Amino acid sequence: MSEALESEALESTMAELAPGVVIPLIGLGTWPMTGGEATDAVARAIGNGYRHIDTAENYGNEEAVGEGIRRSGIARGDLFLTTKFNRQWHGRTGVREAFGAATRRLGTGYLDLFLVHWPNPSKGRFVEAAEELTTLAGEGLIRCWGVSNFKPAHLRELHAAGLETPLNQVQIDPETQQPEQLAFHREHGILTAAYSPLGRSGSFLSDPAVTGPAGVHGRTPAQVVLRWQVQSGRVAIPKSADDRRQRENLDVFGFALTEAEMAGIDALDTGAPPRLDSDEFGH
């Protein structure tokens, strides 16, 4: 990697989501934490330097996340807060109701990012839901909108309705890279947010393609994988309730992987699809 590219990689801790809206590339995932565990994890994560928190209606922890934010003592304007709504709210009136309910649970007057959690194509109303999200953004109630688990076919329906999707949150890890999905995002200027960015089983964390760079750079395998995510231009939202791991997961901007190291992790893709098929699953 050239010195110029390395310098740029080391400095990139944010991505532009919309004009005037930037999103931290590392966020705290909060599923499946609930109650006191979620509150404590959020408060400690903010104390450890996190400024991006990700939650959802379906996680059942928005109240706890909001309490964690208040307990941290940080100003709301210094945080980037993402949540998502369920299929029962798809439609214009429903999205507005979902926004009101989410902000009440979280204890905030606005959202930085509000996502359609699953497309639920059989319901046939995700385009209408996205249209209402753009209205909320125009009113300043949300700073930006986006979707989650949308396949290219679903995104094409949004584009056909004149909706340029800012962000799609999907499952991405070294073994599940969804190259066609990512190529579509690049082609259409959609920012990718990776959930479960360290996978579920973590088996690839012991692969030489990961442990080799970890040894070279004096980092953990998890840090190397998160560095691969953000250096690829993706937002990553790992979940952790452990102080040490929280700090490690956030500390991935002091080094850069070489092109060969990036290619080695790219080569771990198994071609496996996401764990859940968004044409069939949704809530």
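The values are calculated or read from the model by the stated rules, or taken from the named source; none is laboratory data. Values in this document were obtained by computation on a predicted structure and should not be read as measured data. Here the Cβ positions follow ideal geometry from the backbone for every residue, glycine too, while neighbour counts run over all protein chains shown. Ligands, DNA and RNA are excluded from the accessible area calculation, which covers all protein heavy atoms including side chains. Shrake-Rupley method; radii C 1.70, N 1.55, O 1.52, S 1.80 Å.
Quick look at the numbers
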{"read-out": "Only listed residue being of a type in the set (Gly, Ala, Ser), at pLDDT 95 or above, surrounded by fewer than 21 Cβ atoms within 10 Å (Cβ to Cβ) and within 15 Å of GLY27 (Cα to Cα), chosen from SER206, SER196", "value": "SER196"}
{"read-out": "Meets criteria (open to solvent by 20 Å² or more (accessible area, probe 1.4 Å), out of contact with any Lys or Arg (no Cβ under 7 Å at 6 or more places or on another chain), farther than 25 Å from ARG234 by Cβ and at pLDDT 95 or above) for ARG51", "value": "no"}
{"read-out": "Residue check for THR108: hydroxyl-bearing (Ser, Thr, Tyr), touching a strand residue (DSSP E or B) at 6+ places or on another chain (Cβ under 9 Å) and in a strand (DSSP E or B)", "value": "no"}
{"read-out": "Flag if LEU141 is of a type in the set (A, V, I, L, M, F, W, C), open to solvent by 40 Å² or more (accessible area, probe 1.4 Å) and closer than 19 Å to THR82 by Cβ", "value": "yes"}
{"read-out": "Among (1) surrounded by 15 or more Cβ atoms within 10 Å (Cβ to Cβ); (2) assigned to a helix (DSSP H, G or I); (3) small (Gly, Ala, Ser); (4) within 18 Å of the chain's Cα centre (by Cα) - the single one ALA241 does not satisfy", "value": "(2)"}
{"read-out": "The range 90-114, residues that are in contact (Cβ under 8 Å) with a residue 40 or more places away in the chain and either in contact with a Lys or Arg (Cβ under 8 Å, 6 or more places away or on another chain) or open to solvent by less than 50 Å² (accessible area, probe 1.4 Å) (or both)", "value": "GLY91, VAL95, ALA98, PHE99, ALA101, ALA102, LEU106, GLY107, THR108, ASP112, LEU113"}
{"read-out": "Matching residues in the range 153-176 - criterion: being over 27 Å from LEU79 (Cβ atoms) and open to solvent by less than 30 Å² (accessible area, probe 1.4 Å)", "value": "HIS154, LEU155, LEU158, PRO174, THR176"}
